[in-house]
Amino acid sequence: MHHEIIYLFIVAQFLILYHDAILRYILLRLFMDWVFPISSLSCQSDVDRRDLALSSNHITRMFCPISAVPNMAPRELSALEKFLGLKKPHKYSTQGVKKVPVLQINSGPPLVGLGTIACHLVKEAKRPDLLGDSAESRAVVQQWIEHRVTKLDRCRKDDVKTFLKDLDHYLQDMVYLAGNHFTLADILIYYGIHPFMVDMAIHEKEQFINVTRWFDHVQHYPGVQHHLPLVTFCR
Amino acid sequence: DATSDPACLLMSNPHCLKVLAALEETGVKCDVQYVSHEERVVPFISRPVLPALLPPTGPHLFSSNAICSYLFEVGGKDCSDLCNQWLEWETTELQPMLLQALHMAVVLEKGSEVSKVLQGPLNYLDQSLSKQNTAYLTGETLSVADIVMWAALYPILSGSSTILGERNSVKAWFERGAKLQSIQSAAQKVLQGKGLQGMKTFLQRQPNPQSKEIQTCTSSPAEAEESERVVSEEEMEAAALTWSKELQDWPLPEDRQHPILPQEDKKNILVTSALPYVNNVPHLGNIIGCVLSADVFSRYSRLRGWNVLFVCGTDEYGTATENKAIEEGLTPQEICDKYHAIHSAIYKWFQIDFDFFGRTTTEKQTVIAQDIFWRLHKNNFLLEDTVEQLRCENCQRFLADRFVEGICPHCAYPEARGDQCDKCGRLINAVELKEPQCKICRKTPIICSSKHLFLDLPKLEIQLEQWLDKSTSTGDWTANAKQITRSWLRDGLKPRCITRDLKWGTPVPHPDFKEKVFYVWFDAPIGYLSITANYTDKWEKWWKNPPQVELYNFMAKDNVPFHSVVFPCSLLGAQDNYTLVNHLVATEYLNYEDTKFSKSRGVGVFGDMAKETDIPCDVWRFYLLYVRPEGQDSSFSWADLATKNNSELLNNLGNFINRAGMFVTKFFEGCVPAMVLQQEDKKLLALVAWELQQYIQLMDKVKIRDSLKHILNISRHGNQYIQVNEPWKNIKAGDAERQRAGTVTGVSVNIACLLSVMLYPYMPTTSQTIRDQLNCPQSVIGTMLRGNGNFVCALGAGHRVGAVSPLFQKLEGDQIEALKKRFSGQQSSVCFHPQTTAQKVASSEAATAPAPAAEATAAADPERAKQLSQAVVEQGEKVRNLKAQKAEKALITAEVTLLLDLKKQLVLAEGKTPEPAPQKGKKK
């Protein structure tokens, strides 16, 4: 009963269950390789990864919910600001054991919470399209942001598989989380699952082909992947 | 607005209350369906989530807050930043506490606890509302945030007027909502007038919110971020009360009377550790996987006052022993005697406190194994069949499974072994291999037929499943043990051959099978019984006494099927009221220096080398237990060992205990000073009591690694306490300060005493040293871990301590580097595979013993080996990938050839002769 064996068994099941999806995935890979030939083919070395402070809490992150990793949220919010092209960087503090991010604003009391602040930044940058272009898609965006802060941030390494499985199922017929348009939900879920994706072996990632496809898409979306290392999916 | 969206809602789910209220409040038209708990409405979520809403366009909405926001937006009300913030707060902060409170009130029926649980969020709500001084959460008009929050709080607040207490702002705001028609009618629909009880079914289906909380903080010893636990008044008083209790005179674990037999009025625990195969010197993986884990648990169990018997022994039969004997020019018995002594010495050095360490080559083994055999025979659970076996004419013998290699009949992998294919993982019958080769001489073996006996597992399957259901649900089986067992049952059981054409084994007593012996997998587990029988004639009181005895089996995960399926089947079929395993504790694998898989088995840090490192046994024990592969694979690393020794043992634990002792010696002439407990001291006692309780709860569940964390937490609390109170300063000041210094010193030295007891299972020598240094009364060891833990003041005022000296030594960088180099040897990758009974079956009589280090170095090139092993890994991945993508056959064959070539080069670079072919590294 070794992993390899179990893994092969899973692959076999996947082949049976998802052969059409796999075919689609292969086509997509070919397409992606064509579009982003250098970035997706260059396998990042481990040294690059280690240079990033984010990975230095590797062990802590493996065992605790992400929220326990200090300053994760402020870092994400700063990256989001850069993506949005906001000129003046904001200062973030955190509160409580869970290190919930706090933003002091001029117009009123401080804003608390990753989702809340992220939405505020999007509005500040006058990019309402990132929050969804209809009532339905706005609700979907809110829903995934909520899912990020409630489920993903409390996920342990074991549970994340369930999260990814569901996400994979969801993305089967979606380009982005809210359909055909890139939104804030994509950015925040991308930030949220990045630590897990970095640690996953290639064959593990391949169990979630739709997530993989979407993830690669998002990390190559201009300006998104700021503070995080590229995750590679090639062999 | 002509929405015809069906919203699927569920009765009695508190989240549905929000949606129903929002619907009513906004007046949005919507088709509402009520569905059952179990229905999966949202196709992409693997568990049932409700409520859910399917809008006219787009995917399902499954979050109640998103649904409410959507309904409000459709109804013409947008959500502001502040509104967003309240919704986020509701899901992240309020809901977890609310769920816990509801669970308390409804499932555990402890309504009185509710206000304590909700204290935090309600205070926050009250402060925010009074600061804002507005009628609603986001201003002077009602928003979706109000509806969501009212609906969330309504079930619990409407039933009790006391929970809110003096929080007047929340009160006023809540009453505004409670009066609303929308809230009232939604509540009526969801709770159906039953109040909180209306949600019972829903809540019972939720995971216990508290236990989840505990789990999240248990995974990593000491590395999780510290968070200040809030200590209640009651906890402090309870801790202070325990503190003032007396020690009790329980018998000491050292004083146990042999033979230990089950007792009527006691919890009787039989602990076994997988029998290590005699042929190999055990490595660290072996030691942590079985004997050390079992030792910690049995030591702990003795402190709990349970009646424990811990047996183990060497597993000695099989061809591997025969081979080794030929190799060393000894008889098999002499080989066993020699290696049994080596095993004993190693375990002795590691202070494994067996009640009896026996062996399988005894008369008792023959008697018991043959008795079980005859019973199975009589009960018709044995089948007779002719088996075709491979025989190498050149080597003049039947080839054991792992002595044959060939092409896998299922996946065409060219290097499949006689029992299993490394590539597709399927079990193989050696004669099914295409193009079989003798692994020793590479000649093609011939097929001979021979009559053999089989255990009829399919016939026992139903009985087995019934027993498994009971055992796994009532006992503490590790997750991997359950999962491996399930997968065996799912694949269906097949008859298993129990005889072998060998000499060195337990003879089969049946006249038709005279020249044969029992196959090791059948024979070896019976070793547990025969070893106990060699310990005491009354062994049946342990092994045929399921109502009185709880059996714990410790092993690494590769051994699980033999203990959960095969051996239980033998015992069930024998129908002699045998004690079957109640708690199956399996570890994952321990890797060496982050190298994930082994190219050559049997090389690494061996048990007998550990003592040559000059690192004390207790530090080895501590580190191995600290990285115990509990729940997931873990890694042994020299650098980490040094870090843990220096940071945890030296700077945290050792530092605290030493300081506490030194203060008594230096400031109070070696006598524990009088202690006058203040609030702060009581708070510390409560914190310590809580950690102690966690330790006990986790240890009871055999979470050995997790509970170690709580020992280190206590000394961390202690260090902080000393740091804040600065007794070294106070001692020089006035009388009041002097008294304070006395109290702090006295409390600290008593915590050190408690730590010595908690450390006993992990570090027995250190535990004894601390108790000697502090001159602790003998009875502490028996008192403190009883019940929920008793942190009593064992060293009262006036108690005289002994000579105090440092407990641990720093491990220096160069020392560790030297060790690392010494043990990396010619091997670039090493993995500790606990080699025990089952694995011997799996790797049935491995071709040759691992090449001795000296022999191998001749042509070895570690650097090249490292590169090559990397290349092999990559090439292996590539081949797998091609196969997964069903690439063309020719392409695959070409890549496979390349892979084989790389492997051959690797063998050479590792300095081994390619013949016989090396053991294929098993990827884990």
Looking at this structure, is A:Lys99 under 27 Å from A:Pro229 (Cβ atoms) and either more than 8 Å from chain B (Cβ to nearest Cβ) or touching a Gly at 6+ places or on another chain (Cβ under 6 Å) (or both)? yes
Are any of the residues in the range B:527-550 more than 30 Å from B:Lys266 (Cβ to Cβ) and in a helix (DSSP H, G or I)? no
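Among the listed residues B:Leu785, B:Leu759, which satisfies the condition of being at pLDDT 95 or above and in contact with a helix residue (DSSP H, G or I) (Cβ under 6 Å, 6 or more places away or on another chain)?
Result: B:Leu759 is the single residue among B:Leu785, B:Leu759 that is at pLDDT 95 or above and in contact with a helix residue (DSSP H, G or I) (Cβ under 6 Å, 6 or more places away or on another chain).
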Can you tell me which residue in the range B:35-66 is farthest from the other protein chains (Cβ to nearest Cβ), limited to those that are at pLDDT below 75 and in contact with a strand residue (DSSP E or B) (Cβ under 6 Å, 6 or more places away or on another chain)? B:Val35
Quick check on B:Leu98: is it over 28 Å from A:Gly108 (Cα atoms) and in contact (Cβ under 8 Å) with a residue 40 or more places away in the chain? yes
Taking the conditions exactly as written (under 18 Å from B:Gly661 (Cβ atoms) and either among the acidic types (Asp, Glu) or touching a residue at least 60 places away in the same chain (Cβ under 8 Å) (or both)), does B:Val702 satisfy them or not? no
Please work out if B:Val106 is modelled with pLDDT under 85 and either surrounded by 15 or more Cβ atoms within 10 Å (Cβ to Cβ) or not assigned by the TED database to the domain that holds B:Met149 (or both). yes
The residue that is surrounded by the most Cβ atoms within 10 Å (Cβ to Cβ), considering only those in the range B:506-526 that are assigned to a loop (DSSP other than H, G, I, E, B) and touching a Phe, Trp or Tyr at 6+ places or on another chain (Cβ under 8 Å), is B:Ala524
Can you find a residue in the range B:547-555 that is crowded, with 22+ Cβ neighbours inside 10 Å and within 14 Å of chain A (Cβ to nearest Cβ)? yes
Closer than 26 Å to A:Ala139 by Cα, within 14 Å of chain B (Cβ to nearest Cβ), free of Cβ contacts under 8 Å to residues at least 12 places away in the same chain and in a helix (DSSP H, G or I) - does that describe any residue in the range A:112-121? yes
Filter result for the condition that a residue is touching a residue at least 60 places away in the same chain (Cβ under 8 Å), away from chain A (no Cβ under 14 Å) and not aliphatic (A, V, I, L, M), over B:Asp501, B:Asp558: B:Asp501
Testing A:Leu230 on (1) over 13 Å from the mean Cα position of the chain (by Cα); (2) more than 12 Å from every other protein chain (Cβ to nearest Cβ); (3) surrounded by fewer than 21 Cβ atoms within 10 Å (Cβ to Cβ), one condition comes back false. Which one is that? (1)
Quick check on this structure: which one of A:Ala178, A:Ala185, A:Ala201 is surrounded by 20 or more Cβ atoms within 10 Å (Cβ to Cβ), within 14 Å of chain B (Cβ to nearest Cβ) and either without any contact (Cβ under 8 Å) to a residue 40 or more places away in the chain or within 11 Å of the chain's Cα centre (by Cα) (or both)? A:Ala185
Could you check B:Gly406 against (1) surrounded by fewer than 16 Cβ atoms within 10 Å (Cβ to Cβ); (2) not in a helix (DSSP H, G or I) and say which number it fails? (1)
Among residues belonging to the range B:409-430 that are surrounded by 18 or more Cβ atoms within 10 Å (Cβ to Cβ) and hydrophobic (A, V, I, L, M, F, W, C), point out the one that is farthest from the other protein chains (Cβ to nearest Cβ). B:Ala430
Test B:Leu684 against the criterion of being more than 20 Å from B:Phe808 (Cβ to Cβ) and not in a helix (DSSP H, G or I), and give yes or no. no
Scanning the range B:438-483 for residues that are among the acidic types (Asp, Glu) and in contact (Cβ under 8 Å) with a residue 40 or more places away in the chain, the one surrounded by the most Cβ atoms within 10 Å (Cβ to Cβ) turns out to be B:Asp456
Restricting the range A:146-165 to residues that are surrounded by 21 or more Cβ atoms within 10 Å (Cβ to Cβ) and at the interface with another protein chain (Cβ under 8 Å from one of its Cβ atoms), the residue that is farthest from the chain's Cα centre (by Cα): A:Glu146
(1) modelled with pLDDT of 90 or more; (2) within 14 Å of another protein chain (Cβ to nearest Cβ); (3) surrounded by fewer than 20 Cβ atoms within 10 Å (Cβ to Cβ): which one isn't true of B:Ile214, the others all being true? (1)
Evaluate the range B:261-269: report whether one residue or more is within 23 Å of B:Asp315 (Cβ to Cβ), modelled with pLDDT of 90 or more and not aromatic (Phe, Trp, Tyr). yes
With respect to B:Ala239, determine if the residue is touching a residue at least 12 places away in the same chain (Cβ under 8 Å), in contact with a Ser or Thr (Cβ under 6 Å, 6 or more places away or on another chain) and not β-branched (Val, Ile, Thr). no
Options A:Gln142, A:Gln172: the member that is facing chain B (nearest Cβ under 8 Å), crowded, with 20+ Cβ neighbours inside 10 Å and among the polar types (S, T, N, Q): A:Gln142
Among residues of the range B:43-62 being part of a loop (DSSP other than H, G, I, E, B) and in contact (Cβ under 8 Å) with a residue 24 or more places away in the chain, the residue surrounded by the fewest Cβ atoms within 10 Å (Cβ to Cβ) is B:Pro56
Filter the range B:413-469 for residues that are in a helix (DSSP H, G or I) and over 32 Å from the mean Cα position of the chain (by Cα); which is farthest from B:Leu900 (Cα to Cα)? B:Lys459
For the range B:133-141, check the following and say yes or no: at least one residue is part of a helix (DSSP H, G or I) and under 30 Å from B:Lys200 (Cα atoms). no
Pick from the range B:484-495, criterion more than 9 Å from chain A (Cβ to nearest Cβ) and not in a loop (DSSP other than H, G, I, E, B), ranking: surrounded by the fewest Cβ atoms within 10 Å (Cβ to Cβ): B:Arg490
In the range B:87-101, which residues are among the hydrophobic types (A, V, I, L, M, F, W, C) and at the interface with chain A (Cβ under 9 Å from one of its Cβ atoms)? B:Leu87, B:Trp89
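The values are calculated or read from the model by the stated rules, or taken from the named source; none is laboratory data. Just so you know, these numbers come straight off a predicted model, no measurement behind them. Virtual Cβ from ideal backbone geometry, glycine too; neighbours counted across all protein chains shown.
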